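Got a structure for you, questions after.
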Amino acid sequence: MKCRHCGAELWLPLVDLGTAPPSNAYLTREQLLAPEKWYPLRVLVCENCWLVQTEDYVGASELFTDDYAYFSSVSTTWLDHARNYVTGMTGRLGLGPHSLVAEIGANDGYLLQYVRERGIPCYGVEPTKSTALSARQKGLHIVEAFFGKKLAVELARKGQQADLIVANNVLAHVPDINDFVAGVAILLKESGVATFEFPYLPNLIQKNQFDTIYHEHYSYLSLTAANRIFQASNLDIFDIEHLATHGGSIRVFLQLAGAERSRGRAVEMVLDQEEKSGVTKAPFYSGFQSRAEAAKNALIAFLLEQKSAGRKVGAYGAAAKGNTLLNFAGLRSDLLPYVVDRNPNKRGLYLPGSRIAIVDEDYLRADRPDWILILPWNLRDEIERQLAAVREWGARFVQAVPQMEVT
Ligand SMILES: [Zn+2]
C-alpha cells in the first residue's frame with residue numbers, strides 16, 4: 001500500500017486489530033440471518049510524511065450509507081462544544097449577516113443551527129441522507145454530496161466561497177485527504193479562515209485509545225503530518241488549540257498561504273514538541289499493539305469473572321468505539337447481553353460483528369445489572385450523570401480503555 005498523502009510505500013505497522021465489519025453497519029433483526037463482511041483493521045505509518053493511515057479495503061460508499069446511524073446532536077457535551085465554538089468564532093472573526101459560513105460534514109446540523117440562530121448565512125455539505133434530512137428539518141441548507149475539489153469548484157462558481165469553513169472530525173473520515181484539503185483551499189475566500197478538528201495522534205498513542213481506530217477513520221494525524229498536508233494545498237496553519245473532545249483533539253486554524261495573519265507561537269511549540277517526542281521516528285509507533293492487547297485481555301478476564309460469579313453486566317453506548325473494542329476482543333452476547341443507547345434510530349438494531357442487541361434505558365432499569373460497561377469513555381461523566389439512578393440498586397460503572405477502571 002502507498003501513502004494517501006505522499007505516495008511513499010508503507011511498511012511500518014502501528015497496530016493490527018484483527019478483522020471487523022464497518023463500525024457503523026448496524027444490523028436489523030432480518031440481517032442477522034445473513035453473513036456480514038469483515039475487513040482487516042490494520043493501521044500503518046508513513047515513514048516519509050508520518051501520516052498514520054488505515055489499510056484500505058472498504059470503499060467510502062460502503063461506509064457512509066443512506067442509513068448512516070451517527071447523529072451528532074444526541075450528545076449534549078458535543079452540542080455545548082459546538083455552541084461555544086460558534087460563539088468564539090463569531091467574536092474572533094466578526095461574523096455577521098454579511099458573512100458566509102460553510103460546514104463540511106455538517107451531520108444533522110448540530111453546529112450550524114447555532115450559526116443560523118445568530119442570523120449568519122450558512123450552509124452545510126453532508127453526504128449521508130439520514131443526517132442531511134435531520135439538518136434540513138432544522139431549517140438548514142444542505143448540499144448532499146461528498147466534498148472534494150470538484151464540488152468546491154462548483155460551489156465557488158456559484159458564489160458560495162466562505163469566510164469560515166468548519167470541518168470537525170471529518171478529515172480523518174476522507175479517503176482522499178489531498179483532494180479534500182485542496183477543496184477547502186478553493187472554497188475559502190481570500191481572507192477566510194478554515195478550522196479543522198481531529199483526534200490528536202500523539203494522544204491516541206500515549207493514552208492507548210486504540211478503540212478510536214475503525215474503518216471510517218482513514219487517517220490519524222499529528223500536527224507534523226497535518227502541517228505538511230495543508231501546506232501542499234497552499235494552506236497555512238496560523239493557530240492551534242488543544243481540546244478535550246474525543247479523548248484529546250486539536251483544532252487548527254488555517255488561512256490561504258500568504259494571507260494577513262501571522263503564525264502564533266503555539267504552532268511552532270507543538271511542532272517542536274512533536275519533534276522532541278519522536279513523532280518523526282519509527283520507535284514512537286512501537287509498543288502500541290501490546291498495550292491494546294493488554295486492555296482487551298483485561299476486559300475479557302473481567303467479563304469472565306463476573307459471569308462465573310453470577311453478576312450481570314450491561315454495556316452503555318452503541319458507538320463506533322465500542323464496536324472496535326468488542327470485535328477486537330471477540331465478545332458476544334453470552335458475556336455482554338445488551339448495549340443501552342439513547343439514540344432512537346439505533347433501537348432494536350444489533351451491533352455489527354458482535355451482534356449484541358441495542359436496547360433503551362427502560363430495559364436497563366428492568367434488568368438492574370451489577371455493572372455498566374461504558375463504551376464511549378470520552379462521554380463518561382455525561383453518561384454517569386444521566387444514569388445516576390442506577391446507583392439505587394448498587395450498580396457500578398466500568399470502562400476498559402485505556403485500561404480497566406471502575407467507579
Ligand atoms: Zn506519506
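Would you confirm whether any residue within segment 119-140 is free of Cβ contacts under 8 Å to residues at least 24 places away in the same chain, open to solvent by less than 10 Å² (accessible area, probe 1.4 Å), closer than 24 Å to Gly96 by Cα and out of contact with any Phe, Trp or Tyr (no Cβ under 7 Å at 6 or more places or on another chain)?
Yes, the conditions are met somewhere in segment 119-140.
Quick one: Gly278 ticks every box in (1) farther than 22 Å from Asn169 by Cβ; (2) out of contact with any Phe, Trp or Tyr (no Cβ under 6 Å at 6 or more places or on another chain) except a single one, so which number is it?
So Gly278 meets the others, but not (2).
Please tell me if Ile205 is farther than 30 Å from Val279 by Cα and either more than 19 Å from the chain's Cα centre (by Cα) or touching a residue at least 24 places away in the same chain (Cβ under 8 Å) (or both).
No; evaluated as a whole, the condition is false for this residue.
Of everything in segment 37-59, what is away from the ligand (no atom under 16 Å from the Cβ) and among the aromatic types (Phe, Trp, Tyr)? Give them in sequence order.
Within segment 37-59, Trp38, Tyr39, Tyr57 qualify.
Pick from Ala8, Ala25, Ala34, Ala20: which is more than 16 Å from the ligand (Cβ to nearest atom) and over 20 Å from the mean Cα position of the chain (by Cα)?
On the way: Ala8 fails: more than 16 Å from the ligand (Cβ to nearest atom); Ala25 fails: over 20 Å from the mean Cα position of the chain (by Cα); Ala20 fails: over 20 Å from the mean Cα position of the chain (by Cα).
Testing whether each residue is more than 16 Å from the ligand (Cβ to nearest atom) and over 20 Å from the mean Cα position of the chain (by Cα) leaves just Ala34.
Among the residues of segment 102-118, write down those that are crowded, with 24+ Cβ neighbours inside 10 Å and aromatic (Phe, Trp, Tyr).
The one that is crowded, with 24+ Cβ neighbours inside 10 Å and aromatic (Phe, Trp, Tyr): Tyr110.
Identify the residue in segment 378-407 that is open to solvent by 30 Å² or more (accessible area, probe 1.4 Å) and closer than 23 Å to Ala301 by Cβ and, among all such residues, is nearest to the chain's Cα centre (by Cα).
Filtering first and then ranking leaves Pro402.
Residue by residue, here is whether (1) modelled with pLDDT of 95 or more; (2) closer than 27 Å to Asp179 by Cα; (3) of a type in the set (Val, Ile, Thr) holds:
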residue	(1), (2), (3)
Tyr114	yes, no, no
Pro121	yes, yes, no
Val125	yes, yes, yes
Gln137	yes, no, no
Gly148	yes, yes, no
Leu151	yes, yes, no
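If you don't mind, another one. Quick check on segment 194-201. Is at least one of its residues closer than 24 Å to Ala259 by Cβ and part of a helix (DSSP H, G or I)?
Looking only at segment 194-201, we keep the residues that are closer than 24 Å to Ala259 by Cβ, and these are 194-198.
Of the ones still in play, those that are also part of a helix (DSSP H, G or I) are none.
Within segment 194-201, not a single residue is closer than 24 Å to Ala259 by Cβ and part of a helix (DSSP H, G or I).
Does any residue of segment 81-98 turn out to be closer than 25 Å to Ala145 by Cβ, modelled with pLDDT of 95 or more and within 16 Å of the ligand (Cβ to nearest atom)?
So far as segment 81-98 goes, no, none of its residues is closer than 25 Å to Ala145 by Cβ, modelled with pLDDT of 95 or more and within 16 Å of the ligand (Cβ to nearest atom).
Inside segment 360-377, can you point out the residues that are crowded, with 19+ Cβ neighbours inside 10 Å and among the aliphatic types (A, V, I, L, M)?
Answer for segment 360-377, where residues must be crowded, with 19+ Cβ neighbours inside 10 Å and among the aliphatic types (A, V, I, L, M): Leu364, Ile372, Leu373, Ile374, Leu375.
A further question on this structure: Kindly indicate the residue of segment 141-154 that is assigned to a helix (DSSP H, G or I) and farther than 30 Å from Gly91 by Cβ and also least open to solvent (accessible area, probe 1.4 Å) among those meeting that condition.
Narrowing segment 141-154 to residues assigned to a helix (DSSP H, G or I): 149-154.
Next, only the ones that are farther than 30 Å from Gly91 by Cβ stay: 149-150, 153-154.
Working: Lys149: 99, Lys150: 164, Val153: 58, Glu154: 77 Å².
Taking the candidates together, the pick is Val153.
Rundown of residues vs (1) open to solvent by 10 Å² or more (accessible area, probe 1.4 Å); (2) of a type in the set (Gly, Ala, Ser); (3) without any contact (Cβ under 8 Å) to a residue 60 or more places away in the chain; (4) not in a helix (DSSP H, G or I), yes/no style:
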{"position": "Asp211", "(1), (2), (3), (4)": "no, no, no, no"}
{"position": "His217", "(1), (2), (3), (4)": "yes, no, no, yes"}
{"position": "Ala226", "(1), (2), (3), (4)": "no, yes, yes, no"}
{"position": "Ile229", "(1), (2), (3), (4)": "no, no, no, no"}
{"position": "Glu241", "(1), (2), (3), (4)": "yes, no, yes, yes"}
{"position": "Leu254", "(1), (2), (3), (4)": "no, no, no, yes"}
{"position": "Ala259", "(1), (2), (3), (4)": "yes, yes, no, yes"}
{"position": "Arg263", "(1), (2), (3), (4)": "yes, no, yes, yes"}
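When you go through (1) surrounded by fewer than 21 Cβ atoms within 10 Å (Cβ to Cβ); (2) free of Cβ contacts under 8 Å to residues at least 24 places away in the same chain one by one for Ser99, which number turns out not to apply?
(2)
The values are calculated or read from the model by the stated rules, or taken from the named source; none is laboratory data. This structure is a prediction, so every number in the text was calculated from the model and none was measured. Backbone-built Cβ (ideal geometry, glycine too); neighbour counts: all protein chains shown. For the accessible areas, the whole protein counts, side chains as well, though only heavy atoms, and no ligand, DNA or RNA atoms are used. Shrake-Rupley method; radii C 1.70, N 1.55, O 1.52, S 1.80 Å.
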